[in-house]
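Engineer: I'd like to ask some things about the structure below.
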Amino acid sequence: MMDLISVGAISAVLGAVGSGMGSEAGRWVWESTGGLVRRVTGREVPAPTTPGARDEVARLVHDRIRADDQLARDWALFARGVRVPGAGAPLRPRLPAAPRFFTDRQQALKLLDKEATRPFDGRPRLALLHGPEGIGTSTLACHWGWRHTARFPDGQLYADLRTLTPATALATLLRRLGLPDEEMPPAAEDRADLFRRTLAERRALLVLDHAHSAAQVQPLIVSAPDVFTLVVARQPPAGLGALPVEVGPLARRDAVRMLENLAGPSAVAAARTALPAVLTRCAGRPYALHAAALRLTTPREAALPESDDDPVRAAAEDSYRLLTPDAARLYRLGGLRDWPALDPAAAARAAQVPRTDAARLLEELADALLLDRTDTGRYRYRPSVRAHAERTAATVDGIAACSAAVARVTEHYRDLAVGAARAALPESWRVPSAPSPVSYPDRGTAVAALAAEAPGLVEAVRAADEHRDTDTVLLLCQALWPLQLKAGHHDVLLPALRIGTRVADTHAPGTRTSGALHAQLAHTLTELRRWDEAEPEALAAARDERAAGHLRGHASAVEFLGLLRLRQWRFEEAQTCFDEAYGILDGIGPDDEGAADLPRARALLERHRGRALRGQGRRTEAVAHLERALRFFRDTGENYNTARTLTDLAETRLDGGESEAALPLVDEAMAALAGEKAEYHLARLRTLRERCVTPE
């Protein structure tokens, strides 16, 4: 038993429970942990939010259970049932495809070989490939990785860091290792810990492409003996501590060889008069040489324009001059903002062309190397290429046309978000009621659409804010609610929600809109375990809903504050919030907005009251409230809420050692969830069932 009740073991259990809060079942376990800690220590203990605070709670628990055998048995029984996120068998991811033709780079390849095979001395195996845009650093990293697949049999991970924070990058990498979203730790530090633990015993390659700072990369570094990390950047990030491998321009003979590989020896020979100027203009950069090779094989070869100091921008200009007029216009207008990626729908709005035409033109631009294809079927600009497109648009189209194009794409994202939100949560008063030409056949498809477009929606919020389009900012942010509620993506959405609350406070203070957006921001901050930041947002939501006279929204905001208190293990304050919210609901008359929802809202609050009372150890009162909630959910046929309440009741009975009373509740909850696709809840119930039938 000692391995479960030492300070280190207790701290590890607290860490595992905290990491598992990505799912609702995980959040319940966290609340249950708080109640158990209170029962063990005999007082309310604030929920730990840092490793140091977690260790302090572990010491408090350890000191009590060391002196009380029954408490020690209770803790050990609980600890054995804690699920460790990421415990399943991981996948073996692979790098993006390597190029068909690869030239030179022998010195860089040798340096990478040396770092990958050096004796491990506690320092991470870490190399930094760096060089200017278009020099081929990303290609070199993937080429080296594919040459050494046998060295990394457990996987080759790749992350494009162009627009990712450390938290979102870690989520991306963990998903590629097979971690389901339900097990994704909310906090960045927990993701980093899980990522390191997952790779600790693996022989793997990690490629971090387009890095822009050491702060972005450091949380992703793994010191495991058999993990080799390749960081790719334009400029060497200071303080990274990696082996620097500078990638310079190709020598003239290698540049000619690349052109011959790409365009064919005969095409290069036919262009021998222009070849010196082409090579000078390309300056040994593979991207520019690829673009030049396309021009060597086209019958529309034109005279080279004036030289440009940036070979990538010069190559973009050369390719742009050979585009059809429609493709050229889409190229210019699609690059006016740094959209994470363009699909035919967004491109069609930018250029005011039919979607089928936009799809064809995007392919033309990709074939001309002016856009990069992504693995999601979308298209993306290189930074220097987009800068060329934006500059050219300002010259050719003018400021007014450019502004209108950005507005059209922003409106596209607004229509998509509003249509998807209404399909995902048609019954919710939080969802915008504005009309939208976009519709979805069912809730799941709508939520999936919001998730797929989340980065674009965030950029659309930024664009609308910069263009002072207040209405679009507010509509877009409100339409994010179903995505927050159903799929998370909180770290991605956080910047947009901060913009939304700022705009609402400025242009719509004390309104339902402002209250709703503060509630949304509070929700996301809570899920990210930034509880100190979430609290003032929840209070602001209650303030604005009260000022607007929106009783249903006011009650919901106070209820949410109570849920935050549960997460913080502040059970008495949580109960006060739930009681206050119940009283606010009493003020809604039979003809008032929200009246039809009152019975269900009260039942949910009864369940929350029961949870708060259970956390205080007031089990008899908790059971009474939970049973009232259960009667409503049983009568209305809400299987999922029935199962949730049965689970609360079962845990409350188990707290009092009433295993025989808890067992039928667990079995009924499992039966209620049949066909509900609630595997994580079922896993929790199976753990509870073992506690019911296993002698202490």
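Engineer: Can you give the extra length, in nm with one decimal, that the chain gains between Asp635 and Asp375 once fully stretched, where that is 0.36 nm per residue apart less the Cα-Cα distance?
Structural biologist: That works out to 88.9 nm of additional length.
Engineer: Non-local amide H neighbours of Leu243 (under 5 Å, H modeled in plane, Pro and chain starts lacking H): which ones?
Structural biologist: Leu126, Ala127, Leu128
Engineer: Right, another one. When ranked by the protection proxy of mean other Cβ atoms within 10 Å per residue, highest first, what sequence do the peptides 486-492, 584-590, 648-654 form?
Structural biologist: For the peptides 486-492, 584-590, 648-654, the packing ranking is 648-654, 486-492, 584-590.
Engineer: Once the Cα atoms of helix 571-585 and of the chain are each reduced to a long axis, what angle between those two axes, in degrees from 0 to 90 to the nearest 10, is obtained?
Structural biologist: Result, in degrees: 90.
Engineer: Testing the spin-label approximation: label points 7 Å from Cα along Cα→Cβ at Asp121 and Arg443. State their distance in nm.
Structural biologist: If labels sit at Asp121 and Arg443, their model points lie 5.9 nm apart.
Engineer: OK, next. Could you give the radius of gyration (one decimal) and Dmax (whole number) of the Cα atoms in the stretch 362-509, in Å?
Structural biologist: 16.4, 49
Engineer: Further question: With a cut-off of 8 Å between alpha carbons and a minimum separation of six or more residues, what is the relative contact order of the chain in percent?
Structural biologist: Computed value for the chain: 10 percent relative contact order.
Engineer: Sort 45-58, 427-440, 445-458 by packing, meaning the average of other beta carbons within 10 Å per residue, with the highest value first.
Structural biologist: The packing order, highest mean first, is 445-458, 45-58, 427-440.
Engineer: How compact and how long is the stretch 332-417, expressed as Rg and Dmax of its alpha-carbon atoms in Å?
Structural biologist: Reported Rg and Dmax, both Å: 12.0, 34.
Engineer: Can you run phi through the Karplus equation (6.51, -1.76, 1.60; θ = phi - 60°) for the stretch 203-212 and list ³J(HN,Hα) in whole Hz, with x for Gly and Pro?
Structural biologist: 9, 9, 10, 10, 10, 10, 8, 6, 6, 10
Engineer: Determine, for Cys477, Cys402, the number of other Cβ atoms within 10 Å of each Cβ, and report the residues in order from fewest to most.
Structural biologist: Listed from fewest to most nearby Cβ atoms, that is Cys402, Cys477.
Engineer: Nearest 500 deg cm²/dmol is fine: what mean residue ellipticity at 222 nm does the chain get from its DSSP H runs of n ≥ 4 alone, each adding -39,500 (n - 2.57), divided by its residue count?
Structural biologist: Taken over the chain, the calculation gives -19500 deg cm²/dmol.
Engineer: Can you give me the angle between helix 512-527 and the longest principal axis of the chain, using Cα atoms only, in degrees from 0 to 90, rounded to the nearest 10?
Structural biologist: Computed tilt is about 90 degrees.
Engineer: List the equivalent ellipsoid semi-axes of the chain in whole Å, largest first, each obtained as the square root of 5λ for an eigenvalue λ of the Cα gyration tensor.
Structural biologist: 52, 33, 19
Engineer: Sticking with this structure for a sec: At a 10 Å Cβ-Cβ cut-off, how would you order His681, His507, fewest neighbours first?
Structural biologist: Placing the least packed residue first, the sequence is His507, His681.
Engineer: So how strong a dipole does the chain carry about its Cα centre when Lys and Arg Cβ are +1 and Asp and Glu Cβ are -1, to the nearest 20 debye?
Structural biologist: Dipole about the Cα centre, nearest 20: 1860 debye.
Engineer: Using Cα pairs closer than 8 Å and at least 6 residues apart in sequence, work out the relative contact order for the stretch 47-148, in percent.
Structural biologist: Computed value for the stretch 47-148: 24 percent relative contact order.
Engineer: I've got another one for you. How large is ³J(HN,Hα) for each residue in the stretch 224-237, as worked out from phi by the Karplus curve 6.51 cos²θ - 1.76 cosθ + 1.60 (θ = phi - 60°), to whole Hz, x for Gly and Pro?
Structural biologist: Values, residue by residue: 4, x, 10, 10, 10, 10, 10, 9, 10, 8, 6, 10, x, x Hz.
Engineer: Could you list Thr524, Thr470 in order of exposure, starting from the residue whose Cβ has the fewest other Cβ atoms within 10 Å?
Structural biologist: Ascending number of Cβ neighbours within 10 Å: Thr470, Thr524.
Engineer: Under 14 Å from a point 7 Å along the Cα-to-Cβ line of Ala97: which residues of the stretch 342-372 have their amide N that close?
Structural biologist: 367
Engineer: For the stretch 628-696 and the stretch 543-585, what is the separation of their C-alpha centers, rounded to whole Å?
Structural biologist: If you average the Cα positions of each part, the centres end up 26 Å apart.
Engineer: Sorted by packing (mean other beta-carbon atoms within 10 Å per residue), highest first, where do 97-106, 164-173, 318-327 land?
Structural biologist: Those peptides, ordered most packed to least, come out 164-173, 318-327, 97-106.
Engineer: Right, here's the next one. Can you give the FRET efficiency to the nearest 0.05 for Glu658 and Arg162, using r as the Cβ-Cβ distance and R₀ = 41 Å?
Structural biologist: 0.15
Engineer: What is the antiparallel percent of DSSP beta bridges lying wholly in the chain, to the nearest 5?
Structural biologist: Bridges in the chain are about 10 percent antiparallel.
Engineer: If you don't mind, there's one more thing I want to ask. Please compute the contact order of the stretch 240-373 in relative form: average sequence separation of alpha-carbon pairs under 8 Å and at least six residues apart, divided by the residue count, as a percent.
Structural biologist: Over the stretch 240-373, the number comes to 19 percent.
Engineer: OK, next. Applying the Karplus parametrisation 6.51 cos²θ - 1.76 cosθ + 1.60 with θ = phi - 60° to the phi angles of the stretch 108-113, what ³J(HN,Hα) value in whole Hz is obtained for each residue in order, glycine and proline being reported as x?
Structural biologist: Each residue of the stretch 108-113 in turn: 5, 4, 5, 5, 5, 4 Hz.
Every number here is computed from the coordinates shown, using simple stated rules; none is lab data. These numbers were taken from a predicted model, which means no experiment stands behind them. Glycine gets a Cβ as well: all are built from the backbone with ideal geometry, and neighbour counts include every protein chain shown.
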